[in-house]
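The values are calculated or read from the model by the stated rules, or taken from the named source; none is laboratory data. Just so it is clear, the model here is predicted, and its values are computed rather than measured. Because the Cβ atoms are built from the backbone with ideal geometry, glycine has one as well, and the counts that use them run over all protein chains shown. Accessible surface areas use protein heavy atoms only, side chains included; no ligands, DNA or RNA. Shrake-Rupley method; radii C 1.70, N 1.55, O 1.52, S 1.80 Å.
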Amino acid sequence: MTTEHKHENVVAATDESSRESEISIPVTGMTCASCVAHVGSALRSVEGVETAEVSLASESANVRVNSTNGASTNQILDAVRDAGYGVSTTTERIHLGGMTCASCVGHVGSALNSLPGVVRAEVNLAAEVAEVEFVSGTLGRRDLREAVTGAGYQLVSFEGDRDAETEFEEARKRRKADLDDLKRRVILSLAVAAFIMAGMQYASIDALENISPTAVNYLFLALAAPIQFWAGSRFYRGAWGALKHRTSNMNTLVAIGTSTAFFYSAAATLFRPLFEDSVVFESGGISGHATGTYFDVSASIIGLILLGRWLEARARGRTSDAIRRLIGLTPNTAMIERDGQSVQVPVEEIAAGDRIILRPGERVPVDGVIFDGRGEVDESMLTGESVPAEKSDGDSLFAGTVNGTGGLRFTATRVGRDTALAQIVQMVERAQASKAPVERLVDRVTAIFVPAVLIAALLTFVVWLFVAPDPAFVNALLLTVAVLVVACPCALGLATPTAIMVGMGRGASRGLLIRNAEVLETAQRLDTVVFDKTGTLTEGRPSVSSVVPQGVSEEELLSLAASVETGSEHPVGSAVVGRAQDLGYELSALTGFMATAGRGVEGTVEGHSVIAGSPAMLAERGVELGPLTENVSELSSRGETVLAVASDGVAIGLIGVMDTVRPSSAEAVAALRAMGIRTIMLTGDNRQTAEAVAKQVGVDEVIAEVLPAEKSDRIAELKAGGSLVAMVGDGINDAPALALADVGIAIGSGTDIAIESSDITLTGSDPRGVAEAVRLSKATMRTVRQNLFWAFFYNVALIPIAAGALHPLFLDGDVPGYLQPLLGQHGFLNPIAAAAAMALSSVSVVTNSLRLSRGAAGESVKRPPASPQSEPAIASA
């Protein structure tokens, strides 16, 4: 997928053939000659910048940098950013093949990051994708492909070339073909290894005891060679690709380890007279090597490692189950009206504006708006709401949802990649491929892991060559092989991304859309959750509950108040207007309308100056409530929002507006408090009203009488006090607070702006999703920690054992019989056992991550009934 946007970054396009490099920067935000001067001055102030020529016409800057001691990309980036400008960038998301371990991730990332013009390149092993952001116009897809293939890997496809379902299906076919190929290689490798192991006992059979060991070894060589160079060819290709870039990876370890055993055995077979005095493995580390060769070791290692990769690939395929289920929600065909006829067409052929016929029980193919019909639609797959939502003319439909018993006709509004479902899929895919901060440690370790193992293997050989029991050379050789094959960077590379992928998918299936892995990691540490009241803890659809006139009739009070509120979009104003219209009261023309945020409105109605707002607003305007003051306290104590009304400077009454508390709000708050999280309700209502609602839902604290512009200030104060804060809201006025909070959580029934500003979106309207998101975060990060512990523990424990650390315990060759298949007679780890352990280590990490998909995030919560008016605002999520 390719997207262009404004980004405050800058990247160098470098000419490596000269001492100087020219950097072409498409600068955005310049409007005049002063801007040109500012950008040029900012760039020239960076140490190492020789010249900077800025053009307003082309909106670009050509910067020449000294290659020897010139400015870094980050320095130039900061200079442009500090000057208040940015640069247009393009983002490509690409699907990769051939990556097997964390080192591969580093190699692909380095190859992409080294391209001139790249801002960032993030590579994910579990998802096998890379996201590359680069300065627009500096690179093409061909450059990206050459960088990936040059590093020894495959660039399978660019996202966006096909629709999501086609891409996913092709990825599934590729995965299946790779699994089938791996399976064939595994079966043949292990079968040959088993035959060779059995064949080594030929001397114990009377009828075969006179057969020459040389003849047997030639047979073993003929069998083992195809395994080494056909079944093991992917290891050689991977190692060669790394070597071309002067680096190494897991394939390097396996290729060297198996080649050592194979070529030693081949030499011992072809030049047996030279080896006869040194080939008998008297240590007993691998039984039955009377032939003096170790073809079984090379074949077994290849077979077992390929078996591990096959099991791992099968398990990794299941990490994308959530995406597969989401994509599968869209039907293949739909019935549309065309030229007065009903025609069945593939869903890909539907265009915006087409009229679609939806029969009972069918899935909605694309997003649209109903123009005929009435019924109930099951939206649980998108919103988590358990009860179908009532739909009629003018209501929205979303792709993937299921029509109930009524027939509906609707107009398509968003199709293909623009549907809410498609955007959810894209959001989840990006989130799954993002990196959590905890991966930085893994990246630092894996950057030096393989070179460190190669050094350790070399030291192992050199040391044991002098101190190992006889035959020292063979023992040292096999210990070296064991060290090479037991090391497992795969488990390290898969520990975090597999858990993140499954956790994100689990969240999507529960109606939780999490923006990236960093948010998922942060949410586990939250200690404070701040709820906006209206639309979050309450339904967000207030209605008039009390009318208290003073000196006028109830009709006159409601008519004046409704007339002045016609200019307002506030829910309280809408409730008053709606009540007056329901009662059939006549509304008058409004002039001179003015709204004060968080206070109320005022204007002229039939020549009268009318104010409708909070009691505090009337006090500020010099209007005294008189006897109505007691009524204010009474209404507020019942949880009603009080709207005071004045005409020509005289208070004429009060209108109480009640917003129903969501049935699940108290349970949502209780769940958070049970986790030790402080809960706060933030509202613009007066304290009495706020306290009444707070008592119903059970929050710990109330922050009342807060103007919309002050919400973010309250969040900042909580953060300054050391709290890790989540803000939960749904309205436009919540957006700044959502953006400022450590984790912003938007209710899906809220506005697009609130959702865009959030880190987590609840696709439904149930606030219990907040606690579920925290539980999911805790479960996911707990799984990450378990995976990392196992991956580090495995390598820290088994590499020393493979290097012979247990030998001092068995100096007399007294290894118990039941351990000899693993440790031989002297405590030397069998290379075949080392390969089996390595294969199982990565499989265990992936399998542990998959537990999340079975509900390890905690017990699922039942959703409350969906209200007919509630629709998921997920199109922009």
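Quick look at the values:
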| quantity | calculated |
| --- | --- |
| Condition check for A389: closer than 18 Å to G507 by Cβ and modelled with pLDDT under 85 | no |
| Any chance S559 is part of a helix (DSSP H, G or I), under 50 Å from the mean Cα position of the chain (by Cα) and under 15 Å from V547 (Cα atoms) | no |
| Failed condition for S647, given (1) free of Cβ contacts under 8 Å to residues at least 40 places away in the same chain; (2) open to solvent by 10 Å² or more (accessible area, probe 1.4 Å); (3) not aliphatic (A, V, I, L, M) | (1) |
| Subset tally (residues that are outside any helix (DSSP H, G or I) and small (G, A, S)) for the range 772-821 | 4 |
| Listing of helices (runs of 4 or more DSSP H) fully contained in the range 466-541 that carry 1 or more residues being more than 20 Å from the chain's Cα centre (by Cα) and among the polar types (S, T, N, Q) | 472-486 |
| Among (1) open to solvent by 60 Å² or more (accessible area, probe 1.4 Å); (2) aliphatic (A, V, I, L, M); (3) under 30 Å from T522 (Cβ atoms); (4) modelled with pLDDT of 75 or more, the one test that V467 misses | (3) |
| Scan of the range 95-125 for residues that are assigned to a helix (DSSP H, G or I) and closer than 18 Å to E312 by Cα, ordered by number | A102, S103, C104, V105 |
| Subset of the range 242-273 (residues that are outside any loop (DSSP other than H, G, I, E, B), out of contact with any Phe, Trp or Tyr (no Cβ under 8 Å at 6 or more places or on another chain) and among the aromatic types (F, W, Y)) | F263 |
| Qualifying residue in the range 622-644 (condition: under 28 Å from A589 (Cβ atoms), among the hydroxyl-bearing types (S, T, Y) and crowded, with 24+ Cβ neighbours inside 10 Å) | yes |
| Any hit, the range 430-444, residues being more than 30 Å from A508 (Cα to Cα) and surrounded by fewer than 17 Cβ atoms within 10 Å (Cβ to Cβ) | yes |
| In the range 213-257, the residues that are more than 37 Å from the chain's Cα centre (by Cα) and among the polar types (S, T, N, Q) | T214, N217, Q228 |
| Within the range 275-297, tally of residues that are over 45 Å from the mean Cα position of the chain (by Cα) and modelled with pLDDT of 60 or more | 3 |
| From the options L77, L96, residue that is crowded, with 18+ Cβ neighbours inside 10 Å and modelled with pLDDT of 80 or more | L96 |
| Residue in the range 230-257 that is nearest to R185 (Cα to Cα), counting only those that are basic (K, R) and modelled with pLDDT of 80 or more | R234 |
| So V87, is it modelled with pLDDT under 80, assigned to a strand (DSSP E or B), open to solvent by 10 Å² or more (accessible area, probe 1.4 Å) and under 30 Å from V36 (Cα atoms) | no |
| Checking G600 against (1) within 46 Å of the chain's Cα centre (by Cα); (2) farther than 30 Å from K695 by Cβ; (3) open to solvent by less than 60 Å² (accessible area, probe 1.4 Å), the condition it does not meet | (2) |
| Residues of the range 235-262 that turn out to be in contact (Cβ under 8 Å) with a residue 24 or more places away in the chain and either open to solvent by 40 Å² or more (accessible area, probe 1.4 Å) or over 14 Å from T100 (Cα atoms) (or both), as a count | 12 |
| Residue that is of a type in the set (A, V, I, L, M, F, W, C) and more than 29 Å from L441 (Cα to Cα), where the choices are L811, L788, L798 | L811 |
| Residue within the range 621-631 that is in a helix (DSSP H, G or I), free of Cβ contacts under 8 Å to residues at least 40 places away in the same chain and either under 26 Å from V552 (Cα atoms) or aromatic (F, W, Y) (or both) present | yes |
| Wholly enclosed helices (runs of 4 or more DSSP H) of the range 634-723 bearing at least 3 residues out of contact with any helix residue (DSSP H, G or I) (no Cβ under 8 Å at 6 or more places or on another chain), modelled with pLDDT of 90 or more and under 20 Å from V576 (Cβ atoms) | none |
| Any chance A575 is open to solvent by less than 20 Å² (accessible area, probe 1.4 Å) and at pLDDT 90 or above | no |
| Some residue of the range 168-176 being open to solvent by 30 Å² or more (accessible area, probe 1.4 Å), modelled with pLDDT of 75 or more and aromatic (F, W, Y) | no |
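Residues are listed down the side, and each one gets a yes or a no for (1) of a type outside the set (V, I, T); (2) under 19 Å from T247 (Cα atoms); (3) under 21 Å from the mean Cα position of the chain (by Cα); (4) modelled with pLDDT under 80:
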{"site": "V108", "(1), (2), (3), (4)": "no, yes, yes, no"}
{"site": "A130", "(1), (2), (3), (4)": "yes, no, yes, no"}
{"site": "L144", "(1), (2), (3), (4)": "yes, no, no, no"}
{"site": "D181", "(1), (2), (3), (4)": "yes, no, no, no"}
